[in-house]
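Written out below as structure tokens is the structure these notes cover.
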Amino acid sequence: MSRNRVIQWSTMARTWWLFDSKYQCPFRSAEKICMYLEGRHKPLYHPLSDVGDHVVVINTKHVAMAEELWRKHSFDYDTRFAGGKSRTTAWQLHDVDPTKVMHKAVYRAGPKNLLRPTLMRRLHLYPDERVPSEVLENVTDVIRQIMVVPRSLDSYTEEELKNFPILFDWPEDHILYKRPPPGEPAEELTGNTKQQAAKKK
Amino acid sequence: KFSGRGRNCYVIGVNRMLRAMRFSTKNYALKSETLDRLYETRLAAACLEHGMNKTYFLTSLAENDINLNRETLSNLAIYEPRTFQSLVQFVKERSEEVGLQSRVLGSVHGTESRGILDEVKKHRWSTKSRTDEVD
């Protein structure tokens with residue numbers, strides 16, 4: 001059997017990638033997604049040759065934006081008719097359709113030519129982890145996340161919490177003053193963790 | 001290419017021909033620029049496959065007197081992938097020899113997926129290790 005034939009099939013195949021956008025920045029992850037949609041992850045890339053892949057994005061509902069962008073970032077639209085200008089803030093758009101923010105981010109990051117609509121058609125966005133089986137069957141590989149997802153305090157075990165390295169501790173004679181409610185005497189508090197533990201005992 | 005009266009009338013056709021020739025002379029530099037940019041994107045993809053930074057790869061090749069231009073490198077990456085892999089391997093081994101074991105090498109997408117605990121252990125911020133060093 002010809003081995004090179006199969007190699008050629010595998011190089012020219014259009015692969016399906018999965019991307020989990022939970023707690024990821026939509027704009028920065030869109031740049032990476034566009035790389036795979038255009039085919040810039042392949043050495044035989046050319047802008048006019050159709051070498052882009054499909055990307056399935058899940059958890060677009062849980063996408064995260066920096067600082068106050070949810071409140072302040074707005075998507076402007078103009079229908080080019082009288083009174084056609086409108087402005088929607090990010091949180092409003094996200095309420096209406098939780099995939100729209102990601103869609104717009106990828107649209108913005110894509111090439112600004114007539115090939116962009118075909119790229120967008122190869123992008124599949126889902127707000128949750130529920131993806132139709134017909135789509136999931138095609139998915140073969142995973143795009144790594146851009147931002148480190150921080151661990152919540154609940155996920156740490158007690159052992160890990162005990163053994164976590166102490167970066168800073170108050171000196172032993174340091175007293176934190178806590179203003180008492182009127183009428184009650186002040187409670188002497190120390191910031192030092194060792195003294196606190198000794199006090200508890 | 002020549003439509004309308006440009007096809008049949010000399011004076012009009014000549015002017016259009018001269019314009020075309022002017023553009024073709026300007027295109028020599030532009031063509032090499034656009035092709036170089038294409039080769040660089042292809043190299044970036046090939047380096048990503050092998051878990052390396054493109055700029056690091058190119059600079060270390062130049063430092064070690066491997067004077068392959070971007071065109072040949074990208075063609076190697078497409079048609080001779082194992083040769084390209086050997087070049088990447090050379091750069092990795094050379095950097096270890098020199099003493100530049102950077103975090104950029106060996107990781108496909110950088111260190112974004114590292115956890116906080118790994119970072120802390122790496123920088124040795126724990127009090128335990130400090131006492132060991134003192135002893």
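Of note:
- Of all residues in the stretch A:47-68, those satisfying the criterion of being under 18 Å from B:L48 (Cβ atoms), in contact with a helix residue (DSSP H, G or I) (Cβ under 7 Å, 6 or more places away or on another chain) and in a loop (DSSP other than H, G, I, E, B) are A:G52, A:D53.
- Among (1) closer than 30 Å to A:F19 by Cβ; (2) part of a helix (DSSP H, G or I); (3) at pLDDT 50 or above; (4) out of contact with any Ser or Thr (no Cβ under 8 Å at 6 or more places or on another chain), the one test that B:V91 misses: (4)
- Residue within the stretch A:175-192 that is in a helix (DSSP H, G or I) and exposed (fewer than 13 other Cβ atoms within 10 Å of the Cβ) present: no
- Flag for A:P98 being closer than 26 Å to A:L114 by Cβ and assigned to a loop (DSSP other than H, G, I, E, B): no
- When residues of the stretch A:22-57 are limited to those that are at pLDDT below 95 and more than 13 Å from chain B (Cβ to nearest Cβ), the one nearest to A:M102 (Cα to Cα): A:K22
For (1) under 30 Å from A:D50 (Cβ atoms); (2) of a type outside the set (A, V, I, L, M, F, W, C), each residue gets a yes or a no:
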| residue | (1), (2) |
| --- | --- |
| A:E67 | no, yes |
| A:R108 | yes, yes |
| A:L115 | yes, no |
| A:P132 | yes, yes |
| A:L176 | no, no |
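- Members of the stretch B:56-99 that are within 13 Å of chain A (Cβ to nearest Cβ) and touching a residue at least 40 places away in the same chain (Cβ under 8 Å): B:V88
- Given (1) assigned to a loop (DSSP other than H, G, I, E, B); (2) more than 25 Å from A:D20 (Cβ to Cβ), index of the condition A:R144 fails: (2)
The values are calculated or read from the model by the stated rules, or taken from the named source; none is laboratory data. Since this is a predicted model, take the numbers as computed values, not measurements. For neighbour counting, all protein chains shown are included, and Cβ atoms are generated from backbone atoms with ideal geometry for every residue, glycine included.
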